[in-house]
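In what follows, a structure is listed as structure tokens, so that the remarks can point back to it.
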Amino acid sequence: MLAQVAGKVPFTFAVDVPSTMMTDSLGEEFHTRFVYREHHNLVTCDKFVAIVPLITTYALLPDVNALVLGGNRHIFDLIHPHVVDACAQGRCVLLFDASPEGDPFIEKAYEALHLWLDQRSISKRSVLITTQNRVLAKAYKDRFGDGVSILSYDAYIKRMLLALSRNGTEFTSIFGFPKSRLSFCTQLDKKATFLSMNGTPRSNRIVAAAGMLKAGILDDAIWSMLGGSSNKMDPSEEGARQFRTIHGLNWITDQDIENLLHLTPRFIEIEDFANFQIADANELAIQLSIDVFERSFASIVTETEFSDGGVRRITEKSIKPLAAGHPFVILGNPSSLPLIRELGFVTFGDFINEEYDDISDVGLRLNAALSATQQLREIKMRNERKEIEAIGNVCLENISVASNLAKTNYENIYDRGLIAALEQLLVGGLVVGECSLQ
């Protein structure tokens with residue numbers, strides 16, 4: 001607690017935005033400690049937090065414009081001058097909120113931030129960055145030593161967990177179906193084995209899907225790869241080839257990649273083409289297409305990255321199958337499964353080999369993950385009652401966790417972590433004073 005600060009500490013936005021995804025998602029405990037005020041009411045305030053939204057930490061680079069926020073201007077140029085002054089005077093903690101993304105360590109981006117802070121006499125001790133990447137703080141410290149603080153927060157996951165915790169008509173209005181449809185069905189003969197939904201055709205997803213196509217995994221799968229219609233990028237055959245070559249996945253040939261790309265864009269029947277053209281990405285992130293989960297047995301989650309450990313995060317993509325009653329394999333970053341378990345979910349190590357998640361080498365991890373996928377296919381083919389019931393019990397437990405406990409666990413770990421970090425900076429990094437809120 002902040003004994004030195006009377007009442008709640010004000011927070012505001014350092015640029016002209018109404019909110020950020022993180023502030024929209026923060027739980028009740030945050031709002032018992034902090035209160036929102038318009039930035040112009042804090043010109044003379046002795047202690048406050050000012051939030052700068054970053055779509056990505058790449059936006060700190062000097063040649064990157066804040067397109068979403070302010071057209072052809074850099075994010076630093078959008079920060080209100082009186083907030084900069086307050087930071088220089090030791091009255092303000094500056095929170096760069098990159099919680100919608102989990103970028104790798106970009107040395108030049110932090111050098112640009114340091115330069116901007118030094119030029120304005122702002123202490124690095126008064127700066128906090130939120131990111132989904134759990135290893136970013138260590139990478140920063142290894143390169144720069146002590147400096148700005150970096151903390152983990154996952155805006156999309158928190159938003160998904162908040163939505164899943166709703167009940168009744170509120171849940172239905174968010175997802176378009178009643179909560180009672182979240183279930184596990186043992187009638188496997190009526191189901192496809194796998195569900196694999198891919199939006200943006202990133203190189204790692206193209207290579208993974210090409211490998212699954214070659215192995216026959218996609219023959220019994222409901223899958224999509226949206227290509228240029230994802231409104232983000234067109235499929236890149238060259239990028240996929242480079243990814244395959246760099247990571248030693250030579251069993252996936254150029255022809256395999258070409259075969260996969262000939263099938264894209266590929267839509268699941270229920271997908272609305274126009275929806276992927278124009279819909280807001282923030283809204284798409286919490287869609288849960290229950291129809292296709294009900295029509296399939298297990299999920300193959302192709303995460304945003306497939307890194308060697310330079311990124312450690314999961315996204316809402318890994319939460320959806322847990323909420324929908326699916327066993328799953330994650331084709332993502334190493335050490336993804338512990339992040340799922342810390343929220344209270346149970347993974348499927350009693351049924352498949354989950355050691356793939358411990359492998360840092362990208363090529364070896366993909367091979368091991370695809371072997372685990374084959375194990376799930378064999379389980380469905382055996383269709384042994386006791387085994388399926390045991391998997392179903394785990395799935396039902398995960399549905400229950402997704403419905404409330406995961407949100408609580410997230411807030412106990414990450415919301416409280418953010419509160420503690422801000423309070424430490426307010427006490428240790430700034431002058432002591434009180435704020436008369438208007």
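The values are calculated or read from the model by the stated rules, or taken from the named source; none is laboratory data. On a predicted model such as this, the values are computed, not experimentally measured, just so you know. Reconstructed Cβ throughout: ideal geometry from the backbone, glycine too, with neighbour counts over all protein chains shown. Only protein heavy atoms, including side chains, enter the accessible area calculation; ligands, DNA and RNA are left aside. Shrake-Rupley method; radii C 1.70, N 1.55, O 1.52, S 1.80 Å.
Laid out as a table, the results:
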| item | result |
| --- | --- |
| Residue in the stretch 50-57 that is closer than 26 Å to residue 113 by Cα and modelled with pLDDT under 90 present | yes |
| Cβ-Cβ under 8 Å pairs, at least 6 apart or on other chains, the stretch 299-316 side over 22 Å from residue 226 (Cα atoms), far side open to solvent by 20 Å² or more (accessible area, probe 1.4 Å) and aliphatic (A, V, I, L, M) | 309/135; 310/135; 310/139; 311/135; 312/135 |
| Residue list for the stretch 152-168, restricted to those being under 14 Å from the mean Cα position of the chain (by Cα) and outside any helix (DSSP H, G or I) | 152, 153, 154 |
| Residue within the stretch 21-36 that is surrounded by 21 or more Cβ atoms within 10 Å (Cβ to Cβ), small (Gly, Ala, Ser) and farther than 24 Å from residue 423 by Cα present | no |
| Number of the condition not met by residue 411 [criteria: (1) open to solvent by 30 Å² or more (accessible area, probe 1.4 Å); (2) at pLDDT 95 or above; (3) farther than 29 Å from residue 288 by Cα] | (3) |
| Residues of the stretch 341-400 classified as farther than 21 Å from residue 187 by Cα, in contact (Cβ under 8 Å) with a residue 24 or more places away in the chain and buried (at least 16 other Cβ atoms within 10 Å of the Cβ), total | 14 |
| Failed item, numbered, when residue 333 is tested on (1) under 12 Å from residue 365 (Cβ atoms); (2) surrounded by fewer than 24 Cβ atoms within 10 Å (Cβ to Cβ) | (2) |
| Within the stretch 130-147, tally of residues that are open to solvent by 10 Å² or more (accessible area, probe 1.4 Å) and not in a helix (DSSP H, G or I) | 5 |
| Scan of the stretch 86-113 for residues that are in contact with a strand residue (DSSP E or B) (Cβ under 8 Å, 6 or more places away or on another chain) and open to solvent by 20 Å² or more (accessible area, probe 1.4 Å), ordered by number | 91, 101 |
| Residue within the stretch 209-232 that is under 21 Å from residue 325 (Cβ atoms), touching a Gly at 6+ places or on another chain (Cβ under 8 Å) and in a loop (DSSP other than H, G, I, E, B) present | no |
| Test: residue in the stretch 233-253 that is of a type in the set (Lys, Arg), closer than 29 Å to residue 57 by Cα and either in a loop (DSSP other than H, G, I, E, B) or at pLDDT below 85 (or both) | no |
| Tally of residues being open to solvent by 80 Å² or more (accessible area, probe 1.4 Å) and in a helix (DSSP H, G or I) across the stretch 254-273 | 2 |
| Any hit, the stretch 23-46, residues being within 25 Å of residue 111 (Cβ to Cβ) and under 26 Å from the mean Cα position of the chain (by Cα) | no |
| Helices (runs of 4 or more DSSP H) enclosed by the stretch 282-377 - at least 1 residues per element that are under 24 Å from residue 178 (Cα atoms) | 290-294, 316-324 |
| Tally of residues being more than 14 Å from residue 124 (Cα to Cα) and touching a strand residue (DSSP E or B) at 6+ places or on another chain (Cβ under 8 Å) across the stretch 138-154 | 3 |
| Some residue of the stretch 150-159 being open to solvent by less than 50 Å² (accessible area, probe 1.4 Å), out of contact with any Gly (no Cβ under 9 Å at 6 or more places or on another chain) and of a type in the set (Lys, Arg) | no |
| Only one of 376, 396, 422 that is under 23 Å from residue 297 (Cβ atoms) and within 25 Å of the chain's Cα centre (by Cα) | 396 |
| Residue tally, condition open to solvent by 40 Å² or more (accessible area, probe 1.4 Å) and either in contact with a Lys or Arg (Cβ under 7 Å, 6 or more places away or on another chain) or within 27 Å of residue 265 (Cβ to Cβ) (or both), over the stretch 172-189 | 2 |
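The rows are residues; the columns are (1) under 22 Å from residue 422 (Cβ atoms); (2) of a type in the set (A, V, I, L, M, F, W, C); (3) open to solvent by 40 Å² or more (accessible area, probe 1.4 Å).
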site	(1), (2), (3)
57	yes, no, no
60	yes, yes, no
63	no, no, yes
84	yes, yes, no
